[in-house]
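A short write-up of the structure that comes next.
The values are calculated or read from the model by the stated rules, or taken from the named source; none is laboratory data. As the structure is a prediction and not an experimental result, all values here were calculated from the model. Note that each Cβ is placed from the backbone with ideal geometry, even for glycine, and that neighbours are counted across all protein chains shown. The accessibility values were calculated without ligands, DNA or RNA, using every heavy atom of the protein model including side chains. Shrake-Rupley method; radii C 1.70, N 1.55, O 1.52, S 1.80 Å.
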Amino acid sequence: MLNDKLAPHWNEGDRLAALRSYRILDTPPEPEFDGLVHLAARNCRAPVAMISLIDERRQWFKAEVGLGVREAPLDCSICLTAMLEPGTMIVPNLSEDPRFAHNALVAGEPRLRFYAGAGLRTPDGYPLGALCVLDYAPRDLTEDQTATLRLLAQQVMSQLNLRRAIAERDERLEVASRIEKRQSLLVRELHHRVKNTLATVQALVGATGRSAGSFEEFYRSFANRITSLAKTHNLLTEGYWQTAPLREIVLNELRPFTESRVPRFMLIGPPLELAAELAVPVGMALHELTSNAVRHGALSVPAGYIQVRWNVVETNTGRTLHLEWREFGGPPVSQPQHQGFGSTLLQRVLPMQCNADVEILYDVQGVQFQMDAPLVEQRLVPGY
C-alpha cells in the first residue's frame with residue numbers, strides 16, 4: 001500500500017486509473033524504451049537500469065538491463081518510495097538506510113547497494129514509477145549524471161504520452177471509419193426500404209380498391225392499412241430499419257383492447273426481433289386478422305378473445321418462426337364466399353414474400369391461422 005501522507009493531492013484509485021490509461025502494462029519490449037534504459041545505465045555507469053511502473057500488486061519493468069526479470073513484488077520495490085519523492089532519490093548505500101536495509105534484494109541476492117531513481121509523473125502529477133539505476137557497491141552520482149537521469153525520465157514520459165496519443169488517435173480514426181461505413185450502409189438500407197414501402201403502398205391501393213364496395217369503404221380500409229404499416233415502420237426506424245420486436249407488432253393491432261375489464265387477448269412467446277423483410281408482411285397479416293376479428297370474429301362480441309402464440313423452431317436450414325392466431329368465443333365461423341384482400345394477403349402474399357407455409361382454418365369455434373416462415377438473421381447495418 002502507498003503512504004497517502006506522502007501524496008495528499010491524489011488517491012491510489014486515480015493514480016492506478018492514470019497508469020492504466022497508458023495501456024503499457026504487460027506490453028512487449030519496445031526499442032524506444034530499451035534505448036532510454038541503456039542510455040541511463042551508460043550515463044550513470046551502472047550495471048542495472050530499468051523503467052519501473054507500479055500497479056496495485058507489483059512493480060513491472062517496461063525495459064530493463066542487468067536484472068533479467070520483467071517484474072517483482074511490491075515488498076522489495078525501492079521505486080515505490082522513489083516515485084513519491086519530488087525530485088531524484090539517491091541512496092548511496094541501501095544497506096545503511098533503515099528504509100531498505102531489510103529489503104530482500106539488499107539483504108539477500110543480488111545484494112544491491114546503490115540506487116538512484118527519477119520519478120515518472122503524468123502531466124496531471126500522478127506518479128507512475130521511476131527510471132532508476134542500481135549498483136552492487138555503495139557510490140553516488142555526479143551532478144551531470146543526476147541531471148541526465150532526470151532528462152531521460154522526462155523522455156520516458158514523453159514516449160508514454162506520445163504512445164498513448166497515437167493509440168487514442170488510431171481509436172478515433174477506427175471509430176470514425178466504422179461510423180462512416182455504418183452510415184453508408186444505413187443510407188443504402190433506407191433507400192431499399194423506401195422503394196419497398198412505395199411498392200407496398202401501391203399494392204395496397206390496388207388491392208383495397210378491388211375489394212371495396214364504395215369510396216367510403218375504400219378510404220376507411222386503405223387508411224387503416226396505411227396506419228398499420230406506419231406503426232410497423234415506426235418500430236423499424238427505432239432499430240435503424242433493421243428489426244422490430246414481434247410482441248410490439250402484435251400490440252400495435254390489439255392495443256385498443258388492452259383497457260378492457262375482461263381480457264380480450266393473450267400473447268404467448270419469447271422476445272423476438274423480426275428483420276424488416278419479415279416484420280412488414282407479418283404486421284400487415286396481423287392487421288387483416290385483427291380487422292376481420294373486429295368485424296366478424298371474436299373481437300366483435302364482448303365475450304370473445306384472441307390467443308397469439310409464437311416460438312422459434314430450429315431446422316436444418318436455419319431458424320423458423322412459428323406463429324399461431326386463434327379466436328375463441330366469437331360468432332360461429334363459416335368459409336367465406338369470396339376472397340378479399342385479407343385472405344389474399346394471408347394465403348398468397350405471405351408465401352411469396354416470406355417463403356412462408358400458411359394454413360387458415362375457418363373452424364366453427366373461431367378462425368385459426370398459423371404460419372411458419374424462415375427468420376432473416378443477417379443485419380445489413382451493424383450496431384454501434
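What the table shows:
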{"item": "With every protein chain in place, region 104-158: carbon and sulfur % of accessible area (1.4 Å)", "result": "50"}
{"item": "Solvent-accessible area per residue for region 29-158 (1.4 angstrom probe, square angstrom)", "result": "45"}
{"item": "Tail weight of P(r) past 18 Å, computed on alpha-carbon pairs of region 242-319, percent", "result": "45"}
{"item": "Per-residue SASA entry for V376, accessible area with 1.4 Å probe, Å² rounded to 10", "result": "60"}
{"item": "Loop GluC sites (Glu not before Pro), region 46-154 (other Cβ atoms within 10 Å of the site Cβ: 16 or fewer; DSSP)", "result": "E56"}
{"item": "Gained length - V69 relative to D34, 0.36 nm times residue gap less alpha-carbon distance", "result": "11.2 nm"}
{"item": "Simple spin-label estimate for R139 and S21 in nanometres, 7 Å along Cα-Cβ", "result": "3.8"}
{"item": "Positive-end extreme of charge dipole, region 4-133 - chosen from Y22, L80, F114 (charges on Cβ)", "result": "F114"}
{"item": "Of all accessible heavy-atom area on region 236-315, the percent that carbon and sulfur account for (1.4 Å)", "result": "56"}
{"item": "Peptides ranked, highest mean first, by Cβ atoms within 10 Å: ranges 42-55, 296-309, 158-171", "result": "42-55, 296-309, 158-171"}
{"item": "Equivalent ellipsoid dimensions for region 78-146 as semi-axes, Å, which come from the Cα gyration tensor, largest first", "result": "22, 14, 9"}
{"item": "Sequence of K231, K62 when ordered by accessible area, the most exposed leading, probe 1.4 angstrom", "result": "K231, K62"}
{"item": "Cα convex hull volume per residue for region 276-339 (Å³)", "result": "122"}
{"item": "Full-extension gain in nm, V175 to A303, via 0.36 nm per residue minus C-alpha separation", "result": "40.5 nm"}
